[in-house]
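One structure below.
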Amino acid sequence: MINLVLFGSPGAGKGTQAARLEEKYDLVHISTGDVFRYNIKNETPLGKKAKSYIDDGRLVPDEVTIDMLHSEVQKNNGAKGFIFDGFPRTTAQAEDLDQLLKSMNSQVHAMLALTVDDEILVQRLLKRGETSGRKDDASEKIIRKRIKVYYDQTEVVKSYYQKVDKYYEVDGIGSVEEITDRLSEIVDQFT
Ligand code: AMP
């Protein structure tokens, strides 16, 4: 298996790049944000638990997120590997992912972090909000809060992977194709 974590602030381009890498390397793409939004749309118990956090730009509690991630991984038994997009966002989630993959005799091979200047992120997300229909993209206040949550709660996950030499930073500014090429140079080391 090859397991990749795509990392970066909201709006860094994780979803776009994950979809491209999914196809290129035949991996299963799990976006925790997408799974939550699907559940909110379908008014499932999970969606009801997650909605208020997401609309407000806060993280969904770890135990809810971790349970959901486990069931998504289990649904894809036999996959060649996974691209985790938007997970882990806390150290507890990173520790849990290690345990989960270990139980499958595997591991995280690389964390690929897309770097983009904060003001560009705000502009990108406001633009995305014109068409995404996402409440959390619709207001600059919530967008800035999500970026702050990233710095306060999520950025520490970077050092978690740095310590084990699995952290790779990629410039997230450029064309979609250029950024896929930059990411592929790293992923190719593991294929
Ligand atoms: P995203 O689509 O990755 O931007 O995620 C949208 C929202 O879903 C986030 O702002 C959080 O409220 C929630 N979310 C997604 N992934 C996680 C996670 N790993 N931990 C906690 N909350 C999450």
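The values are calculated or read from the model by the stated rules, or taken from the named source; none is laboratory data. Just so you know, these numbers come straight off a predicted model, no measurement behind them. Virtual Cβ from ideal backbone geometry, glycine too; neighbours counted across all protein chains shown. To get the accessible areas, we keep the full protein, side chains included, count just its heavy atoms, and leave off ligands, DNA and RNA. Shrake-Rupley method; radii C 1.70, N 1.55, O 1.52, S 1.80 Å.
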Q: Could you tell me which numbered condition ALA138 fails, if it satisfies all but one of (1) without any contact (Cβ under 8 Å) to a residue 12 or more places away in the chain; (2) over 22 Å from TYR38 (Cβ atoms)?
A: (2)
Q. Looking at ARG58, ARG124, ARG144, which one is modelled with pLDDT of 95 or more, within 10 Å of the ligand (Cβ to nearest atom) and either open to solvent by less than 50 Å² (accessible area, probe 1.4 Å) or on the phi < 0 side of the Ramachandran plot (or both)?
A. ARG58
Q: Scan segment 62-94 residue by residue and report those that are open to solvent by 40 Å² or more (accessible area, probe 1.4 Å) and either more than 13 Å from the ligand (Cβ to nearest atom) or in a loop (DSSP other than H, G, I, E, B) (or both).
A: SER71, GLN74, LYS75, ASN76, ASN77, GLY78, LYS80, ARG89
Q) Based on what the data block shows, is GLU169 among the acidic types (Asp, Glu) and farther than 12 Å from GLY57 by Cβ? A) yes
Q. Filter segment 95-119 for residues that are within 24 Å of ILE173 (Cβ to Cβ) and within 16 Å of the ligand (Cβ to nearest atom); which is farthest from the chain's Cα centre (by Cα)?
A. ASP118
**Q.** Tally of residues being within 13 Å of the ligand (Cβ to nearest atom), more than 18 Å from ARG128 (Cβ to Cβ) and β-branched (Val, Ile, Thr) across segment 2-19
**A.** 1
Q: Take LYS102 and decide whether it is basic (Lys, Arg), without any contact (Cβ under 8 Å) to a residue 24 or more places away in the chain and over 21 Å from GLY57 (Cα atoms).
A: yes
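Residue-wise test of (1) of a type outside the set (Ser, Thr, Tyr); (2) over 18 Å from GLN93 (Cβ atoms); (3) open to solvent by 20 Å² or more (accessible area, probe 1.4 Å).
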position: LEU6; (1), (2), (3): yes, no, no
position: GLY11; (1), (2), (3): yes, yes, no
position: GLN17; (1), (2), (3): yes, yes, no
position: ASP26; (1), (2), (3): yes, yes, yes
position: ILE30; (1), (2), (3): yes, no, no
position: ASN42; (1), (2), (3): yes, yes, yes
position: PRO45; (1), (2), (3): yes, yes, yes
position: LYS48; (1), (2), (3): yes, yes, yes
Q: Determine, yes or no, whether ILE179 is in contact with a helix residue (DSSP H, G or I) (Cβ under 8 Å, 6 or more places away or on another chain) and either among the polar types (S, T, N, Q) or open to solvent by 30 Å² or more (accessible area, probe 1.4 Å) (or both).
A: no
Q) Just to be sure, is GLU22 more than 13 Å from the ligand (Cβ to nearest atom) and outside any helix (DSSP H, G or I)? A) no
Q: Within segment 95-114, count every residue that is in contact with a Leu (Cβ under 8 Å, 6 or more places away or on another chain) and assigned to a loop (DSSP other than H, G, I, E, B).
A: 3
